[in-house]
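What follows draws every value from the coordinates through simple rules; no lab data is involved. Quantities reported herein were computed from a predicted structural model and do not represent experimental measurements. Note that we place each Cβ from the backbone using ideal geometry, even for glycine, and neighbour counts take in every protein chain shown.
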Amino acid sequence: MPYVELFIGLTIMLGLCLKSGALASIMLSLMFLATHLIDLFREEYANCGCFGEIIEINRALSVTIDLAILISGIILYSLLSDISSS
């Protein structure tokens with residue numbers, strides 16, 4: 001999964017396939033958010049390994065990070081849609 005995230009991030013940062021990269025970021029963020037919320041409500045949270053073994057993050061922080069990335073992807077996608085429709 002890290003390679004997919006890296007690929008999506010690079011396509012967005014390099015300006016290649018921006019709209020597709022933003023859409024892929026939204027889909028991936030939704031998947032991560034759903035997984036973390038399910039773990040949160042089941043109270044079966046384990047470290048997601050998002051930052052390797054060095055940094056352990058708690059449930060609320062992982063959901064917050066997912067939401068921030070999701071909102072960023074939505075904003076980027078909507079801005080690109082507005083530009084392409086003009």
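Key figures for this structure:
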item: Residue ID - surrounded by the fewest Cβ atoms within 10 Å (Cβ to Cβ), chosen from residues in the range 1-59 that are in contact with a Cys (Cβ under 9 Å, 6 or more places away or on another chain) and among the polar types (S, T, N, Q); result: 35
item: Residue list for the range 74-86, restricted to those being closer than 19 Å to residue 5 by Cβ and over 12 Å from the mean Cα position of the chain (by Cα); result: 75, 76, 77
item: Failed criterion for residue 58 (all others in (1) closer than 24 Å to residue 83 by Cα; (2) over 14 Å from the mean Cα position of the chain (by Cα); (3) among the polar types (S, T, N, Q) hold); result: (1)
item: Hits in the range 12-23 - residues which are in a helix (DSSP H, G or I) and without any contact (Cβ under 8 Å) to a residue 12 or more places away in the chain; result: 13, 20
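This table checks each residue for (1) of a type outside the set (Phe, Trp, Tyr); (2) under 18 Å from residue 3 (Cβ atoms); (3) within 10 Å of the chain's Cα centre (by Cα); (4) in a helix (DSSP H, G or I).
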| site | (1), (2), (3), (4) |
| --- | --- |
| 25 | yes, yes, yes, yes |
| 41 | no, no, no, yes |
| 49 | yes, yes, no, no |
| 72 | yes, no, yes, yes |
